[in-house]
Amino acid sequence: MRILFLTHAFNSLTQRLFVELTRAGHQISIEFDINDAVSIEAAELFQPDLILAPYLRRRIPDALWRRIPCFVVHPGIPGDRGPSALDWAILRGEASWGVTVLQADEEMDAGDIWASVAFPMRAATKSSLYRREVTEAAVEAVLLALSRFASGTYNPAPLDSLRAETPGQWNPLTKQSDRAIDWSRDDSATIFRKMRAADGFPGVFDTLRGEIFALFDAHPDETLRGRPGEILGQRHGAICRATVDGAVWITHLKPIVEGERTFKQPAAAALGERIAGIPEIPEPEAGVTWRDIWCEQRDGVAYLHFPFYNGAMSTDQAARLEAAYRQACQTDTRLIVLMGGADFWSNGMHLGAIEAADSPAEESWRNINAIDDLCHAILTTESHLTFAVMRGNAGAGGVFLALAADRVVAAQGTVLNPHYKNMGNLYGSEYWTYLLPKRVGGEGIDRVMGRRLPLGAPEARDLGLIDDCLGTDRSTLDREIRQLAEAMAQPAEWKRRLREKARSRQVDEDIKSLSSHRSEELARMRLNFFGFDPSYHIARSNFMRKIPISRTPLHLAHHRS
Ligand code: COA
């Protein structure tokens, strides 16, 4: 089918559906929902069989849904309507939730239902649920709806026919007052529920040191106590606040300033001088607390976790990760598994920390050098084999960081964006000029870097970018990772691969040294950061401040190219 995506943005769910429906043989073109006339023009140009709205924030124009079947993906159970579906599901503590594909008509979210898929809820942020459960359910529901539509015989269920069976109903837009934290009363569980329902957007607004900030990324702490609401300490750029029954770490803040487009940044950077004198609290040996890097050892394998918020890795995080990696190399293990986080593997440099720095150009330079140091440490490891496991999505430098490992796999549903160009034509580093051609050949470079489109894990495997895909089911994923890791760490196999790795590294080094690759890449990055062309700085500022764009990029809107 020819399917036009009408969407507010090319967000993670839209990217995943793009990858899945392209794989299923459909022809996809994309138009951002900027104004009615432009959407109608897009449909005229593309002549779609069907319009799919994976992520829309307003009604589809009458002139479209009256002429062309328009399927809307709603992150709620049948009957649920309104703009804050997941927020309310989290706030109400629903045990299960779902995704519904319905046909657009006069009333928003109230059209006939083509498919719905349910999932159990998890204690997680709205964006984590959206990236995992909602996305998996949406893919299943959209594929089912499309096959029902293609059959020509399926009659979608009118919402009214389901009223007796479903608890779903209309809910208004959530307001700050629905999740405002009362530090003198709310226990930690309540604070987590409120914050999770607003993370990643819009965050819970709260006053800190006399100014309003949106709070993001909360983690429990059972080692610290204090007066409820008080800032007890800081660690790695995060702050810890006391609650009535414990404490909570908050890693990111967004200043709320009337009339200004602000952006998320590490909490300590956002508070600056306001938290001068607040003590740095080292990670305790034991007890429930927040850490952003940790290593577990089991059966000859070290599993290194680094679930950085939104996959963004600051200079400090890259340096600490390199130190943790080097420490893992000192343990009595044979294999290091680079686990990243469960939601994101990595999205490269921390553009929020860079944006917040006094000199974004200098901070970009420090950040990329710290990530390059980490890549170099991985690439030149002689004592261990390395294994990158992308359980969550990865973008830009984050993808190339993974390629530094001896073996690279991704979970089946992972979406990779292995290119830098969308960030103001950034050249990129992370030794990509060495790692990419080694995997996809010289002719594959443009297919990966030049397309500027997301790749599904199976497509990445077929291109040779990664070695393999793992199962879809999260519960079997961990077992699968352990089995693969333990097989790689078997002494005989390990010895053979380690010898082969040392030999191949030496051959490559003789052809062109790692330091030459790095200095050539960094010479181009220096121009991006300090040169005459400000594209990267403008693109980064717009990306972090979420400045809306006025037209759909041509690499997405095929009907316009
Ligand atoms: N630094 C800081 N924040 C980042 C980030 C980065 N490198 N990459 C993503 N984020 C944030 C986004 O601002 C967004 O924040 P939100 O929670 O306020 O919405 C969140 O992570 C999710 O990103 P989003 O762009 O909405 O996800 P997506 O799935 O639609 O797209 C990418 C994924 C990777 C294509 C996109 O995030 C991207 O281009 N990131 C920048 C990558 C980059 O250029 N890194 C620097 C060069 S190494």
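The values are calculated or read from the model by the stated rules, or taken from the named source; none is laboratory data. From a predicted model like this one, the values you see are computed outputs, not experimental measurements. A quick note on method: Cβ atoms are made from the backbone with ideal geometry, for glycine too, and the neighbour counts reach across all protein chains shown. Surface accessibility is based on the protein's heavy atoms, side chains included, excluding ligands, DNA and RNA. Shrake-Rupley method; radii C 1.70, N 1.55, O 1.52, S 1.80 Å.
Listed values, structure above:
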read-out	value
Beta bridge orientation in the chain: antiparallel %, DSSP, nearest 5	55
Cα point-scatterer Debye curve for the range 449-561, base-10 log of I(q)/I(0) at q = 0.14, 0.18, 0.20, 0.23 Å⁻¹	-1.08, -1.16, -1.18, -1.25
Amide H contacts under 5 Å for VAL301, placed H, 5+ residues apart	ARG334
Chymotrypsin sites (Phe, Trp or Tyr not before Pro) restricted to the range 443-541 and DSSP loop, no more than 15 other C-beta within 10 Å	PHE532
Interchain or long-range residues, amide H under 5 Å from THR552's placed H	PHE32
Links that overshoot a 31 Å alpha carbon limit, given the list LYS264/LYS501; LYS194/LYS546; LYS175/LYS264; LYS175/LYS421; LYS512/LYS546; LYS438/LYS495	LYS264/LYS501; LYS175/LYS421; LYS512/LYS546
Dipole-positive endmost among ASN11, GLY341, GLN483 within the chain (Cβ charges, Cα centre)	GLN483
5 Å-binned pair-distance histogram of the range 2-162 (Cα, whole percent)	2, 9, 19, 23, 22, 15, 7, 2, 0
Descending semi-axes in whole angstrom, ellipsoid equivalent of the chain, from the Cα gyration tensor	37, 31, 24
Listed residues MET449, MET313 arranged by accessible area, highest first, probe 1.4 Å	MET449, MET313
Using distinct alpha-carbon pairs, which all enter the 1/r mean, Kirkwood radius of the range 173-260 in Å	13.0
Euclidean distance between Cα centres, the range 157-191 to the range 291-349, Å	36
Dipole of the chain, positive end: most advanced residue of ILE30, TRP88, ALA189 [Cβ charges, Cα centre]	ILE30
Charged-residue dipole, Cβ positions (Lys, Arg, Asp, Glu), the range 207-341 about Cα centre, Debye nearest 20	180
Within the accessible area of the chain (1.4 Å probe), percent carbon and sulfur	51
Magnitude of the charge dipole, the chain, Cβ model with Lys/Arg +1 and Asp/Glu -1, debye to 20	560
Antiparallel %, DSSP beta bridges [both residues in the range 2-162], to 5	50
Label-point gap, in nm, between ASP36 and GLU285 - each point 7 angstrom along Cα→Cβ	6.9
Accessible area in square angstrom per residue, the chain, 1.4 angstrom probe	42
